[in-house]
Each structure stands twice: as structure tokens, then as C-alpha cells.
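S.K.: Mind having a look at this structure? Questions to follow.
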Amino acid sequence: MKLYIKQKVFSWRDKFSVKDEFGNDSYFAQGEIFSWGRKLHVFDSVGREVAFIRHKMLSWRPRYIIEVAGQSYTLVKEFTVFKQRFHVEGLPWRMDGDFWAHEYSMYDENMPVMRMSKHWFTWGDSYELDVSDPQNALICLCVALAIDCMQADAAAAASASSSAH
């Protein structure tokens, strides 16, 4: 199953639309404007909130809490030098990625769960997700959105530190 994430540009808050491989609206995500830490609400195609993603503040490593169907998972960015690596607390999933190419693969043991690719030269961030099991689509979408948030947080921090000098 494929999902296509497109960030809306020129918005006061984070907004993402998500379409399936046939071009049908599947989900949309919307951030909160005035909040401590980044927060995203994920809605299904009829507008019901189906997930909530929030930045866990005051954590040594970047962490995002993902809440889906009464379950809570934590996406944790591991400390690595050359490759990006994440794991999902609450699930036996790990994700490896190439930061420069924006290509990620998530696994449960050695079984693929999702592949995530960033599309280049687009207005706003755009991703393609290839999810092995459609029942994992929502949690995979939330992991992808949390990774996009982590990258935006890192870019904002780098910009702030370079402008301070």
C-alpha cells in the first residue's frame, strides 16, 4: 500500500494532506499554532481524529509521542554519526535512513514494515510511503510525520545557532 504525504506551504501551522495510491484523500494532519513543542492532530478522510503526535520536551534525544487507538508509542532518534537510526518504543520496529538522500526503511526484525522516500524539488515536503501491511498504515504515517517534525526541529535549531553568531 502506498501513501503520499504533501505538506501545505504558506500556512501558519503545519498542515499535511495524505492520499492513497489511487489519488483518494486518506488522511490529513494539522498542527497547533500556539503550543509548547510541536503537536500534530491526524484526521481520517471524514474528519475524525485518529492519532495525535507530540514532541516530548526536555529529552536528551529527540522523541515524539504517537497516540493511536488508545495506544502510545514513542519514536526515538538514536545517537549515530553517519546514518539516521530510529526505534519505536512500544513496537519492535527499527528504522534506518540516509539523512542526505531522505530514504528510510523500517523493519520488524528483518521483515520490512515501510519504506519512506522524500520527493525533491517540490513546494513543501513531499513523501512516498510504501507500507507492507495496510493495517500498519496509520502508525507508519505517524512515524513519517514525526520524522518530518524532527527534521524541521533540527533545521530550525541549526538556523537559530548560525544566526546567533
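S.K.: Taking the Cα of Asp44, stepping 7 Å toward and past its beta carbon, and measuring to each backbone N in the range 53-75: which are under 17 Å?
M.R.: 67-71
S.K.: When the chain is treated as a GNM, springs tying every alpha-carbon pair under 10 Å, which of Ala29, Ala154, Ala51 comes out with the largest mean-square fluctuation?
M.R.: Sorting by GNM fluctuation, first place goes to Ala154.
S.K.: Under a cut-off of 22 Å between alpha-carbon atoms, report the lysines in cross-link reach of Lys83, not counting same-chain residues fewer than 8 places apart.
M.R.: Cross-link targets: Lys118.
S.K.: Sticking with this structure for a sec: If R0 is 22 Å, what FRET efficiency do you get for Arg115 and His87 from their C-beta distance, rounded to 0.05? Spell out each step's value before the answer.
M.R.: Details: r = 17 Å, r/R0 = 0.76.
It comes to 0.85.
S.K.: Suppose we keep just the alpha-carbon trace of the range 36-133; what are its Rg and Dmax in angstrom?
M.R.: According to the Cα coordinates of the range 36-133, Rg and Dmax are 14.4, 42 Å.
S.K.: How many nm is it between the label spots at Ser126 and Ala160, if each spot is 7 Å from the Cα in line with the beta carbon?
M.R.: A separation of 3.1 nm, rounded to one decimal place.
S.K.: What would the Debye equation give as log₁₀ I(q)/I(0) for the chain at q = 0.17, 0.19 Å⁻¹, counting only Cα atoms as equal point scatterers?
M.R.: -1.07, -1.39
S.K.: Remind me, relative contact order of the chain in percent, using alpha carbon pairs under 8 angstrom and six or more residues apart? Walk me through the numbers on the way to the answer.
M.R.: Details: 319 pairs, mean separation 26.9, N = 165.
After rounding, I find 16 percent.
S.K.: Another one. For the residue pair Gln135 and Asn24, what label-to-label distance in nm results when each label sits 7 Å from Cα along the Cα-to-beta-carbon direction?
M.R.: Rounded to a tenth, the inter-label distance reads 2.0 nm.
S.K.: If you take the charge dipole of the chain about its Cα centre, with +1 on Lys and Arg Cβ and -1 on Asp and Glu Cβ, which of Ile65, Gly97, Gly23 is farthest toward its positive end?
M.R.: The listed residue farthest towards the positive side: Ile65.
We did not get these values from a lab; they are worked out from the coordinates using the rules stated. Small disclaimer: the values here were computed from a predicted structure and weren't measured. FYI the Cβ positions are ideal-geometry reconstructions off the backbone, even for glycines, and counts take in every protein chain you see.
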